[in-house]
Amino acid sequence: MDNKIPGYLKPWIVGAPILLFLVMTLTVSKGYSYGASLLLLVSLIWLFFRPRVQLDREDVYLIGALSFYFLVSLFFFLYHGESLDVLDAPSRFILAIPILIFLLHNPFRTELFWLGLGLGAVAVGLIAIYIKQTTGISRVRTDFMSPLQLGNLSMTFAVLCIAGISWAKHQSKHVWWILLLVLGACLAMTSSFLTGTRGGWVGIPLLMVVIFKLYSKHFSLPVAAGILALVASLVVTLYMLPSTGVQQRVDRAFQDVDQFIAGDPDSSVGRRLEMWRSGFFAFSTSPLVGLGEEGFKENEAHLIQEGVIDPVVFNHKSLHNQYIEELAKRGIIGLSGFLVLMLVPLLFFYRKMSSNDPGVRSFAAAGALLVLCYLDFNLTLTFFYRNNATLTFAFLLVVIWSAMRMHEKRRVSEKRVVG
């Protein structure tokens, strides 16, 4: 690859699968698999012919976090004697490692990332609006994505678009880039609200704090406040319009809580709360390693028989909370694997958000927001039980990381030349 492809073309070719991934993930059935599979194949071939690689300490830490999550899952696969299905989602993080190493050694045009993100966000927003207008369904979904998946992933694309505005400001055609990313953020957020997926809305205040931190130091206060005001106005508008169904979903959540307090857990929120109770009972039985999948089911059946928890929770595939799921079925060790996976990259991303380089800063913010989105989503879902959600996170994590590191290395090289 290094010798046969002209140098000026190589970054565009490397970035093409990334563009493909971002445009297709939310708009085409299994669209997340095409770009990722292509880049994985290229990465494995490249590694085969070039076995010697150079990695900085921070890169090793990220690879360690990805590997640790898989190894913890492998341990519980053996310890609890579970089916191979439990390794399905964790394997995505191992497969992301070759892509990470390849991208760290083969820089891509970052314009392709922001272009794909903006186009994908605009497309999913338009699709959601079209579905809402033509079908009138209360919660927008597609043939290949449930409202939960579509809503959360749309919110992810929306906040990543906002992070990209910091990069767009410094481009020669900054007006067009800003227009694309602002439009993408608004439409993707609209898509999220039209799905009625409330779990994706819970973390909006925290995400806004991170975004304000990004913009307050590098934009004038009126501009930073204006960006936040635009987002807030969109949220309020979507809430106030009866046709969106947002207000009804919020009101329904409060009604569900009141119903649960009154002793009836048979509602969306009530079932979740009852499942979480079941999970905590399981955790208290085996805090270190949890009960495993089968052990949890047996314990839950016993609790139902004893009248400790309500039968409405029986036979649910997951506990709709990744943290409680880990504690109940894999104990403190399992939760630690998940937290290492999330918090190690978050720490590095957050530190680099204060960089003076707009490329580093934008990708660091995008990485931090990506992790925070998934930390939020996993409060009301076991989001890593879904292939598209897991692969999207793993792929975006290593792509954003490698882009951030690429801008860092470029800045160091420029300083050396100037010096």
*Convert each backbone phi in region 11-21 into a coupling constant with the Karplus relation 6.51 cos²θ - 1.76 cosθ + 1.60 (shift: θ = phi - 60°), then list the ³J(HN,Hα) values in order as whole Hz, x for Gly and Pro.*
x, 6, 5, 4, x, 4, x, 5, 4, 4, 4
*Between 0 and 90°, nearest 10: helix 174-194 axis offset from the chain longest Cα axis*: 10 degrees
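With only Lys, Arg, Asp and Glu charged, each at its Cβ (+1 for the first two, -1 for the last two), find how big the charge dipole of the chain is about the Cα centre; round to the nearest 20 debye.
1920 debye
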*Find how many whole Å separate the alpha carbon centroid of region 325-385 from the alpha carbon centroid of region 252-281.*
27 Å
*Please list the non-local residues whose amide H lies under 5 Å from the amide H of PHE314, H modeled 1.01 Å from N, same-chain partners needing a gap of 5 or more.*
none
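Give me the percent relative contact order of the chain, please, defined on Cα pairs under 8 angstrom at least 6 residues apart.
19 percent
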*What number comes out for the charge environment of HIS80, summing +1 per Lys or Arg and -1 per Asp or Glu over other residues with Cβ under 9 Å away?*
-1
*Among ILE94, LEU62, PHE108, pick out the residue whose Cα is farthest towards the positive end of the charge dipole of region 1-108, where Lys and Arg carry +1 and Asp and Glu carry -1 on C-beta, about the Cα centre.*
PHE108
_Net charge dipole size for region 175-293 [Lys, Arg +1 and Asp, Glu -1 on Cβ; Debye, nearest 20]_ = 440 debye
*asked:* Tell me the relative contact order for region 1-135 as a rounded percent, counting alpha carbon contacts under 8 Å between residues six or more apart.
replied: 42 percent
*region 308-319 - phi-based ³J(HN,Hα) in whole Hz, Karplus 6.51/-1.76/1.60, Gly and Pro as x*: 6, 10, 7, x, 4, 8, 5, 6, 6, 5, 8, 8
_Spatial separation of Cα centroids for region 84-121 and region 155-180, in angstrom_ = 20 Å
*Give the shape of region 294-419 as rounded, prolate or oblate, defined through the alpha-carbon gyration tensor: a ≥ b ≥ c are the square roots of its eigenvalues, a/c under 1.5 means rounded, and otherwise the shape is prolate if a/b is larger than b/c and oblate if not.*
prolate
*Would you please classify the overall shape of the chain from the alpha carbon gyration tensor, given that a ≥ b ≥ c denote the square roots of the eigenvalues, rounded means a/c under 1.5, and beyond that prolate means a/b larger than b/c while oblate covers the rest?*
oblate
*asked:* If you filter region 1-100 for trypsin sites (Lys or Arg not before Pro), then keep DSSP loop positions with at most 14 other Cβ within 10 Å, what is left?
replied: LYS4, LYS30, ARG52
*Taking Cα atoms, how many degrees apart are the long axis of helix 88-105 and the longest axis of the chain, rounded to 10 and kept between 0 and 90?*
10 degrees
*Compute the long axis of helix 358-377 from its Cα atoms, compare it with the longest principal axis of the Cα atoms of the chain, and write down the angle in degrees, 0 to 90, nearest 10.*
10 degrees
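Every read-out reported here was derived from the displayed coordinates using simple, explicitly stated rules and does not represent laboratory data. Keep in mind it's a predicted model, so treat the numbers as computed, not measured. Backbone-built Cβ (ideal geometry, glycine too); neighbour counts: all protein chains shown.
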